[in-house]
1. Select from the range 205-221 the residues that are outside any loop (DSSP other than H, G, I, E, B) and under 19 Å from the mean Cα position of the chain (by Cα) and write down the one among them that is farthest from residue 161 (Cα to Cα).
2. Going by the structure shown, is residue 261 of a type outside the set (A, V, I, L, M, F, W, C) and assigned to a helix (DSSP H, G or I)?
3. Among the residues that make up the range 51-60, is at least one of them open to solvent by less than 40 Å² (accessible area, probe 1.4 Å), under 22 Å from residue 12 (Cα atoms) and among the aliphatic types (A, V, I, L, M)?
4. Applying the selection to the range 315-326, what residues are open to solvent by 40 Å² or more (accessible area, probe 1.4 Å) and not in a helix (DSSP H, G or I)?
5. Just to be sure before I move on: is residue 152 of a type in the set (Asp, Glu), touching a residue at least 60 places away in the same chain (Cβ under 8 Å), within 30 Å of residue 328 (Cβ to Cβ) and surrounded by 19 or more Cβ atoms within 10 Å (Cβ to Cβ) in the structure I sent?
6. What are the pairs with Cβ atoms under 6 angstrom where one residue, in the range 41-69, is on the phi > 0 side of the Ramachandran plot and the other, located anywhere, is aliphatic (A, V, I, L, M)? Sequence gap at least six, or different chains.
7. Could you please give the count of residues in the range 327-358 that are open to solvent by less than 10 Å² (accessible area, probe 1.4 Å), assigned to a strand (DSSP E or B) and in contact with a Leu (Cβ under 7 Å, 6 or more places away or on another chain)?
8. So how many residues does the range 17-50 have that are open to solvent by 50 Å² or more (accessible area, probe 1.4 Å), outside any helix (DSSP H, G or I) and of a type outside the set (D, E, K, R)?
Amino acid sequence: MSEQTTAVRFLTNLLGIYSPSGKEQAIASFLATEMKRLDFEVGIDTIGNVIGVIGTGSPVLLLCGHMDTVAGHMPLRVEEGKIYARGAVDAKGPLAAMVMAAAQAAKEPNFKGKVLVVSVVEEEATSKGVRHLITEGIHADYAIFGEPSGVENITVGYKGQIQLKITLKTETGHASTPWLYDNALDKAYELWKQIKSACTFPSMDPNETPFTSITVCLVQMIGGEGNSVIPYEAEMILDVRVPIQFTTTQVYDKMIKIIANYQNTNPKVNITPTILDTVEPFEANKSSPIVHVLSSSVRRILNKPATLLRKTGTGDMNLLGKAMNLPIVTYGPGDSHLDHTTDEHIEINEYLQAIAVYKETILRLAELHNNKNPNTTNKSP
């Protein structure tokens, strides 16, 4: 069986396993079994992350992806050179490509180094897998996180995120006398409009871009107890995206000032903000060896220059990059606009190209590292 056939079969089987966040046991077992067949040393940690090791010595390259998906099953089908399935681009396509590339690179007679391929749990929910990885401690010289950047692109920056819950409470009464009481849902919507007005993009600043602006999205609003009762409690969940020039604390302080101003004009309304989660923004060093080698590999395999992207989303690279302080990027096949959609699919040719790019990067990065550090070539970290 050819390497390409093996690679496509591996991805297809991976996509055939439904693995929403929190239910990754079946796919973890499959990955562990298949990676052992590819000569990885494999273990599954206490929370379900699959950790595969192949090769020995230095450098150590961490290839980290996630095996969970958002909920919502999609029938697997292959049509016109594309594989349709939940997770095809986000992010089983990149994960499968990393596994296959590491296995292929390790077979090269001149390869000297170690590759850790880690498949984490719950990236789509709580980032539990990556947080555990960081807490337990893992050593690497370089890292690539597998997310769909498009095979020609390298993601070097992500915005941060604040998940903010705001609860509003008021007195209540009969719905037939709405003029006598503050309506908690009305008040929540009024507050939301003030927050939205203060964080509007595009703004009047001509230098502001989606990556450098604070944005806020109302993702949930609930309240009300039933007919004939004026709502006396409402809850909003806001998704706040934090640009690279701010910390999450600085942006949260801005949110608090808006809430405080509204509270001053509405003293009868009790308002309680609660942070559900935060992730700091992150931008990689564009002059780092990993960016240089990966860019060169894209050019060599695809015969075109790589484009460096800064995205408005938030990724696990933010957590890894901040915690490990090592050269890191995000890269992988697939169109990220298809994430979480009913049309999610990956082009088989792009997936195979990504394997070639990953493999080239592994080999060239190891060569570069060992030429600069000849005395560490045969030492395990």
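The values are calculated or read from the model by the stated rules, or taken from the named source; none is laboratory data. Worth saying up front: this structure is predicted, and the values here are computed from it rather than measured. Glycine gets a Cβ as well: all are built from the backbone with ideal geometry, and neighbour counts include every protein chain shown. Only protein heavy atoms, including side chains, enter the accessible area calculation; ligands, DNA and RNA are left aside. Shrake-Rupley method; radii C 1.70, N 1.55, O 1.52, S 1.80 Å.
1. Start the filter on the range 205-221 by keeping residues that are outside any loop (DSSP other than H, G, I, E, B), which leaves 215-221.
Retained after the next criterion (residues that are under 19 Å from the mean Cα position of the chain (by Cα)): 215-217, 219.
Working: 215: 10, 216: 10, 217: 11, 219: 13 Å.
Filtering first and then ranking leaves 219.
2. Values: of a type outside the set (A, V, I, L, M, F, W, C): yes; assigned to a helix (DSSP H, G or I): yes.
So residue 261 fits the description; yes.
3. Checked the range 51-60: no residue is open to solvent by less than 40 Å² (accessible area, probe 1.4 Å), under 22 Å from residue 12 (Cα atoms) and among the aliphatic types (A, V, I, L, M).
4. Start the filter on the range 315-326 by keeping residues that are open to solvent by 40 Å² or more (accessible area, probe 1.4 Å), which leaves 322-325.
Once the filter is applied, which keeps residues that are open to solvent by 40 Å² or more (accessible area, probe 1.4 Å) and not in a helix (DSSP H, G or I), the range 315-326 yields only 325.
5. Numbers: of a type in the set (Asp, Glu): yes; touching a residue at least 60 places away in the same chain (Cβ under 8 Å): yes; within 30 Å of residue 328 (Cβ to Cβ): yes; surrounded by 19 or more Cβ atoms within 10 Å (Cβ to Cβ): no.
When the stated conditions are applied, residue 152 does not pass them.
6. Partner pairs satisfying both residue conditions: 48/28; 48/121; 55/106; 55/115.
7. Initial filter on the range 327-358 (open to solvent by less than 10 Å² (accessible area, probe 1.4 Å)): 328-334, 344, 346, 351, 354-355, 357-358.
Remaining after also requiring assigned to a strand (DSSP E or B): 328-330, 346.
In the following step, the residues that additionally are in contact with a Leu (Cβ under 7 Å, 6 or more places away or on another chain) were identified as 328-329.
Number satisfying all stated conditions: 2.
8. First pass over the range 17-50, keeping only residues open to solvent by 50 Å² or more (accessible area, probe 1.4 Å): 18, 23, 25-26, 29, 33, 36-37, 39, 41, 44, 46.
Then keep just the ones that are outside any helix (DSSP H, G or I); that gives 18, 23, 39, 41, 44, 46.
Going one step further and asking which of them are of a type outside the set (D, E, K, R), we end up with 18, 44, 46.
Residues that pass the stated criteria total 3.
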